[in-house]
Amino acid sequence: MTSESDLSCSGLVRRFGDNAAVDHVSLNVPAGTFFSILGPSGCGKTTLLRLLAGFDRPDEGEIRIRGQRMNEVPPNRRPVNMVFQHLALFPTMSVGDNIAYGLKRRGVPAAERQKRVARVLEQVGLPGTENRNPQQLSGGQRQRVALARCLVLEPTLLLLDEPLGALDLKLREQMKVELKHLQKAFGTTFVYITHDQSEAMVMSDQVAVMKNGRFDQVAPPEELYREPATPFVAGFVGDNNRLAGELVSVREGLAEVRLDDGGLVRGRMASQAPAVGERAELFVRPESLVLAGEALKPDFSTVQASVDTTLFDGANSRVEVTSSGQTLFARLPQDGSAPALSEGATLQLGWDPMLARVFPAGGA
Amino acid sequence: MIRWLPRAWLMLIYGLLYVPIAVLVVFSFNDSRSGYTWGGLSLRWYETLFNNHAMVEAMWNSLWLALSAATVSTLIGGLTALALHRYRFRGKRVLNGMLFVVMMSPEIVLAISLLALFLLVGIQLGYVSLLLAHVTFCLPFVVITVMARLSGFDESLPEAARDLGASDFTMTRTVLIPVIMPALLAGWLLGFTLSLDDVVVSTFVSGPTYEILPLRIYSMVRVGLKPEVNALGTLLLVFSLVMLSLSQWILTRSKQ
């Protein structure tokens, strides 16, 4: 692999009995980037992280950090540090002693330790808290102490195991932005695992979507959103509507799907494509759907739908409709252009076929 | 009318529990030789007590025995609790259950079986037999105290320590032991008091060469109640209270 990558794995496998929790995963994380592994619980992302940290050994494959083979290296000898899900701050030690723990293990003299602890506390925005007890701090502050405890060691790689999961919503939003800033400021390579797609999207340079021990797609967040490679990614990353039917024709990359009620809809063929005559699913995002009366262009694909309910949520307001027995969500623009929608009213929904994706059915 | 009734009932119960102890303490300062009449304040029974060499020796023997039994059972019990908590091994549940059996079985059964064992193996009855017996019945209490502490233990703490560069040994020393320290201390104190006032098991496994306090008092009382026993009782009471408060203080402080 290139010398620029901080972490590269090839063909990693970890089996538990007959079940491969990590199934031939290869990845390459360039230095100084924020890499997220996104997947539902049980997809193997925690197992993968534990392999990287050294708490577990792969059955097959190789882990290299800055080109150095790591497979047999125990966790205390790896240039890798980890922020645990529940932070794992040592309850019997002060904030300062927690942060100095790793430096002490490396034999850094006391005066130097003190200086570096003070500096890193300043960098994470908690100056002068050395003598506090971690239990006295708020959730967000504890988070920062856990980060500082790792960053003070200047690791090549920082692993983060869903550290924001325990925080309340508002704080989580705030910490997302802060983590991203801290990563930029320290320039450390972050490998972050999460099941929250919004965390992965906001913070990462690259996101790997993981399912059943494998990576479905590895791409920058925007590409993941706009060009999902698999139906699983299309459904898991961001909100999406799906319409099931049968693929009837493909012309110039545009697929035509006959819905179960007979209606015809169109969308772009995905790279992983069904054959004509097979069951297919068309994915279209809520913000791509336009309500009739708005700018509905002639080449748009349309369906008839009846309004179930409207869900007001500021800029994120949506209308829930039913079309050919399937529930769809469409975004309601909040600039006053949305028509008044009453329950049971029928309306026409349309979309630009270039913004919809057609995948083989049953992919996720 | 009805309102003071429950309170009076409560007072009666507490009176039954505490009046005898109060009487013992008061009469330990009684100048009269009779246990029933008050003859003025005096410390003469304390003096008699400390001049009774057999008694003082029994007291030191008891303290030394309690100290060593508590220490040995804390060491073994602490390691047992750690093993039961951290590792999976064959017979783990049996081992766990057997600890409870020792704790639940009647003391007289334990006493007889230990005596039979010592006679069979040929261990001379004395300090060693007493120590082995006391460690046996203290052990489950230490294990359970430490296990209770470990049950709330965050499993990622040892991993975090390893991740930050600690070897397994350093991790145990700097993270695991400090976390279970209050439980170790509480278990030690529990073992100490259990050992100090044990009569049943000690009666069976002690020999003529090593007399301990509870047995000494028991034999004294059989001959007739001497007022110096009151003085001794008062001292033991004060000592137990100090130990009890100490263990409570340690436990509450660690719960913060």
Along the dipole axis of the stretch B:122-243 (charges at Cβ: +1 for Lys and Arg, -1 for Asp and Glu; origin at the Cα centre), the most positive-end residue among B:A133, B:V143, B:L215 is B:L215
Taking the Cα centre of the stretch B:1-111 as origin, work out the dipole magnitude from +1 charges on Lys and Arg Cβ and -1 charges on Asp and Glu Cβ, in debye rounded to 20. 820 debye
Calculate how many DSSP beta bridges within the protein assembly as shown are antiparallel, expressed in % of all such bridges and rounded to the nearest 5. 75 percent
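Excluding A:E130 itself, what net charge comes from residues whose Cβ is under 12 Å from its Cβ, given Lys and Arg +1 and Asp and Glu -1?
Values: positive: A:R113, A:K115, A:R116, A:R119, A:R132; negative: A:D97, A:E122.
The answer is +3.
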Would you look at the GNM of chain A, springs on alpha carbons closer than 10 Å, and say which of A:Q114, A:Q136, A:Q272 moves the most? A:Q136
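Mind checking the mean number of beta-carbon atoms from other chains within 10 Å of the Cβ atoms in A:88-96?
Values: counts 11, 3, 9, 8, 9, 3, 0, 0, 0.
The mean count of partner-chain Cβ atoms within 10 Å per residue comes to 5.
Tell me what the protein assembly as shown gives for mean residue ellipticity at 222 nm when only DSSP H runs of n ≥ 4 count, each as -39,500 (n - 2.57), the sum divided by the residue total, rounded to 500 deg cm²/dmol. List each step's numbers first, then the result.
Numbers: 20 runs with 282 residues, N = 620.
One gets -14500 deg cm²/dmol as the mean residue ellipticity at 222 nm.
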Among A:V276, A:A244, A:Q136, the residue whose Cα sits farthest towards the positive end of the charge dipole of the protein assembly as shown (+1 at Cβ of Lys and Arg, -1 at Cβ of Asp and Glu, taken about the Cα centre) is A:Q136
How high is the relative contact order of the stretch A:251-297? Use alpha-carbon pairs under 8 Å, at least six apart in sequence, and give a whole percent. 25 percent
At a 10 Å Cβ-Cβ cut-off, how would you order A:I99, A:I63, fewest neighbours first? A:I63, A:I99
So if we plug the beta-carbon distance of A:R214 and A:D313 into 1/(1 + (r/R0)^6) with R0 = 45 Å, what FRET efficiency do we get, rounded to 0.05? 0.85
Only Cα pairs within less than 10 Å get springs; with that Gaussian network setup on chain A, which residue of A:R116, A:R172, A:R251 has the largest fluctuation? A:R251
Considering only A:L151, A:A234, A:P220, whose Cα is most displaced toward the positive end of the charge dipole of the protein assembly as shown, charges sitting on Cβ of Lys, Arg (+1) and Asp, Glu (-1)? A:L151
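Subtracting the Cα-Cα distance from 0.36 nm times the residue separation, let me have the gained length for B:V94 to B:D31 in nm, one decimal. Show your work: numbers first, answer last.
Details: separation 63, 0.36 × 63 = 22.68 nm, distance 5.70 nm.
17.0 nm is the gain from fully extending B:V94 to B:D31.
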Would you look at the GNM of chain B, springs on alpha carbons closer than 10 Å, and say which of B:S105, B:S28, B:S156 moves the most? B:S156
Within 10 Å of the Cβ of an average residue in B:150-163, the count of other chain Cβ atoms is 6
Report the extension gain between B:W64 and B:D168 in nm, rounded to one decimal, defined as 0.36 nm multiplied by the number of residues separating them, less their alpha carbon distance. 34.0 nm
Cα centroids of the stretch B:182-256 and the stretch B:33-102: how far apart, whole angstrom? 6 Å
With Cα atoms, 0 to 90° folded angle of helix A:95-105 axis to chain A main axis: 70 degrees
Can you list the equivalent-ellipsoid semi-axes of the protein assembly as shown, largest first and in whole Å, using the square root of 5 times each Cα gyration tensor eigenvalue? 72, 30, 25
Could you give me the ³J(HN,Hα) list for the stretch B:65-80, computed from phi with Karplus coefficients 6.51, -1.76, 1.60 and θ = phi - 60°, whole Hz, x at Gly and Pro? 5, 4, 4, 6, 4, 5, 5, 5, 5, 5, 4, 5, x, x, 5, 4
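Over chain B, what is the relative contact order in whole percent, taking alpha-carbon pairs under 8 Å and six or more residues apart?
Working: 251 pairs, mean separation 79.9, N = 256.
Rounded, it is 31 percent for chain B.
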Using a Förster radius of 51 Å, what is the FRET efficiency between B:V238 and A:K180 based on their Cβ-Cβ separation? Nearest 0.05, please. 0.20
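Taking other Cβ within 10 Å of each residue's Cβ, how do A:V177, A:V358 sort, fewest first? Numbers along the way, then the final one.
Details: A:V177 11, A:V358 29.
Ranking A:V177, A:V358 by Cβ neighbours within 10 Å, fewest first, gives A:V177, A:V358.
Work out the FRET efficiency for B:L41 and A:R132 from their Cβ-Cβ distance, taking R0 = 56 Å, and round it to the nearest 0.05.
Details: r = 53 Å, r/R0 = 0.95.
Working from the Cβ atoms, E equals 0.60.
Nearest 20 debye, what's the magnitude of the dipole of the stretch A:121-216 about its Cα centre given +1 on Lys and Arg Cβ and -1 on Asp and Glu Cβ? Present the calculation step by step, with values, prior to reporting the outcome.
Numbers: 11 positive and 12 negative charges, 16 e Å.
So the magnitude is around 80 debye.
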Shielding by partners - mean other protein chain Cβ count within 10 Å, residues of B:164-177: 5
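Could you work out the relative contact order of chain A, using alpha carbon pairs under 8 angstrom and six or more residues apart, expressed as a whole percent?
Computed over chain A, the figure is 15 percent.
At a 10 angstrom cut-off on C-beta neighbours, averaged per residue, how do the peptides A:137-144, A:81-88, A:160-167 rank from highest to lowest? It would help to have the intermediate numbers written out before the result.
Numbers: A:137-144: 18.2, A:81-88: 22.8, A:160-167: 19.9.
Top of the packing list down: A:81-88, A:160-167, A:137-144.
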Mind checking the dipole of the stretch B:52-254: about its Cα centre, +1 per Lys or Arg Cβ, -1 per Asp or Glu Cβ, Debye to the nearest 20? 320 debye
Can you tell me the orientation of helix A:110-123 relative to chain A, as the angle in degrees between its alpha-carbon axis and the longest Cα principal axis, to the nearest 10? 20 degrees
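Quick note: the coordinates plus some simple rules give every number you see, no bench work behind them. Being a predicted model, the structure only gives us computed values, none of them experimental. Using ideal geometry, Cβ is built from the backbone for each residue, glycine included, and neighbour counts are taken over all protein chains shown.
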